[in-house]
Amino acid sequence: MKHDLIIVGGGVAGCAAAITARQRNLDTLIIASGGGALSKTKRIDNYPGFPEISGPELLEKLRAHARQMGAAFKTQLVRRVMPMGETLSVLADNDLYEAKTVILAMGTARVRMLPGEEALVGQGVSYCATCDGMFYQDGEVIVIGAHEEAVEEADYLATLARVNYIKERPHNTGALAEGIALLPGKPLKLYEKGEKIALETDQGEVVADGVFILRPAVAMTQLIPEVAAENGAITVDKHLATSVPGVFAAGDILGAPLQAGKAVGEGTVAALSAASYLLKSAPQ
Ligand SMILES: Cc1cc2nc3c(=O)[nH]c(=O)nc-3n(C[C@H](O)[C@H](O)[C@H](O)COP(=O)(O)OP(=O)(O)OC[C@H]3O[C@@H](n4cnc5c(N)ncnc54)[C@H](O)[C@@H]3O)c2cc1C
């Protein structure tokens, strides 16, 4: 099923976008990995109409409103948005969704990358075992895991290749499949070594055919590298359209000021722009 609109992010901007999109009768799916900035906010004093409201309470109201309008919700981490002609494919955890338009509303979630990582993305460094695991059949890979879900992905990779697992952050690795080598130490940097990729750790060097980095968040530039961005913020026009046709953006992901009221306004504009884009691109 192809949705009219998929919104990546279920915070202020994402919910505001969903409410207006539903008012325009767009079939709308929100995919959100968590609660975003509001879930960390004790009290907001300047959100119009709701003096002294707590962040989680405002978030709950926004989500309830979006649901009441008919938006569907999924709690998943979006790993990749892929422009494929007239369709935008959205990979969330291990599920693939399709949409005619997408609104990016991921907030300011920053991901600290390893030195050397960015330059090697697609050149031996991957963030998705399901997407790229097959390239390493019968080879050797390193998995850099930052949360428990990475263990499951590593277990899948172990059905294809020899796997060395190293923790970027502390987490339980009890469910690692037999045969996976759990390496000691801390990942420090990545670099090419001949045809292979090397990982430097504080315990020495490990070399493999490929490296999978599995974190609970995705850097914006990796989620959709096709979209133009500057200084960590997505570049948009006055309709909040990005450089990729059918992809719009709203909220903190567009940069300062980081304010809930601004995120609401931008979510609304982005939804109206998506509706207008769909009308213009509909077959006559
Ligand atoms: C401590 C604190 C106090 C604040 N106080 C105020 C205040 O008083 N007044 C005010 O106006 N503003 C305040 N803000 C700012 C306000 O909370 C933000 O401007 C607003 O929440 C931005 O909304 P957003 O939808 O852009 O991002 P967020 O609300 O951060 O939502 C981002 C959403 O994207 C999801 N997401 C991210 N990456 C992915 C992914 N790869 N896949 C799926 N989902 C993803 C997150 O889980 C979340 O659902 C405060 C912020 C903080 C942190």
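The values are calculated or read from the model by the stated rules, or taken from the named source; none is laboratory data. All of these numbers come straight from a predicted model, not from anything done at the bench. All Cβ positions, glycine included, derive from the backbone under ideal geometry; neighbour counts span all protein chains shown.
Listed here are the residues, each with its yes/no results for (1) hydroxyl-bearing (Ser, Thr, Tyr); (2) in the same structural domain as residue 7 (by TED's automatic domain parsing); (3) at positive phi.
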{"position": "96", "(1), (2), (3)": "no, yes, no"}
{"position": "101", "(1), (2), (3)": "yes, yes, no"}
{"position": "105", "(1), (2), (3)": "no, yes, no"}
{"position": "123", "(1), (2), (3)": "no, no, no"}
{"position": "127", "(1), (2), (3)": "yes, no, no"}
{"position": "135", "(1), (2), (3)": "no, no, no"}
{"position": "138", "(1), (2), (3)": "no, no, yes"}
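Out of the residues in the stretch 101-120 that are more than 15 Å from the ligand (Cβ to nearest atom) and crowded, with 16+ Cβ neighbours inside 10 Å, which is nearest to residue 255 (Cα to Cα)? Before you say what the answer is, go through the steps one by one.
Going through the stretch 101-120, the residues more than 15 Å from the ligand (Cβ to nearest atom) turn out to be 101, 114-120.
If we keep only those that are crowded, with 16+ Cβ neighbours inside 10 Å as well, we get 101, 114, 116-117, 120.
Details: 101: 22, 114: 23, 116: 25, 117: 24, 120: 26 Å.
That would be 101.
Just give me the residues in the stretch 47-56 being more than 9 Å from the ligand (Cβ to nearest atom) and either under 24 Å from the mean Cα position of the chain (by Cα) or under 17 Å from residue 31 (Cβ atoms) (or both), in sequence order.
In the first step, residues of the stretch 47-56 are kept if they are more than 9 Å from the ligand (Cβ to nearest atom); the result is 48-54, 56.
Result: 56, single match.
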Across the stretch 1-50, which residue is surrounded by the fewest Cβ atoms within 10 Å (Cβ to Cβ) among those that are under 20 Å from residue 96 (Cβ atoms) and free of Cβ contacts under 8 Å to residues at least 60 places away in the same chain?
27
The strands (runs of 3 or more DSSP E) lying entirely within the stretch 168-284 that contain at least 2 residues which are within 16 Å of the ligand (Cβ to nearest atom) and touching a strand residue (DSSP E or B) at 6+ places or on another chain (Cβ under 8 Å) are 210-214, 247-249
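Whether any residue in the stretch 205-217 is under 16 Å from residue 113 (Cβ atoms) and of a type in the set (Val, Ile, Thr) is what I want to check.
Of the stretch 205-217, the ones under 16 Å from residue 113 (Cβ atoms) are 211-217.
From what's left, of a type in the set (Val, Ile, Thr): 211, 213.
Checked the stretch 205-217: at least one residue is under 16 Å from residue 113 (Cβ atoms) and of a type in the set (Val, Ile, Thr).
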Failed condition for residue 16, given (1) within 11 Å of the ligand (Cβ to nearest atom); (2) at negative phi; (3) within 13 Å of the chain's Cα centre (by Cα)
(3)
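Among 44, 6, 31, which is the only one that is more than 10 Å from the ligand (Cβ to nearest atom), in contact with a Leu (Cβ under 9 Å, 6 or more places away or on another chain), among the β-branched types (Val, Ile, Thr) and assigned by TED's automatic domain parsing to the domain that holds residue 266? Spell out the reasoning first.
Working: 44 fails: more than 10 Å from the ligand (Cβ to nearest atom); 31 fails: more than 10 Å from the ligand (Cβ to nearest atom).
Of the residues listed, the single one that is more than 10 Å from the ligand (Cβ to nearest atom), in contact with a Leu (Cβ under 9 Å, 6 or more places away or on another chain), among the β-branched types (Val, Ile, Thr) and assigned by TED's automatic domain parsing to the domain that holds residue 266 is 6.
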Specify which of the listed residues (208, 274, 250) is of a type in the set (Gly, Ala, Ser), touching a residue at least 12 places away in the same chain (Cβ under 8 Å) and not assigned by TED's automatic domain parsing to the domain that holds residue 99.
208
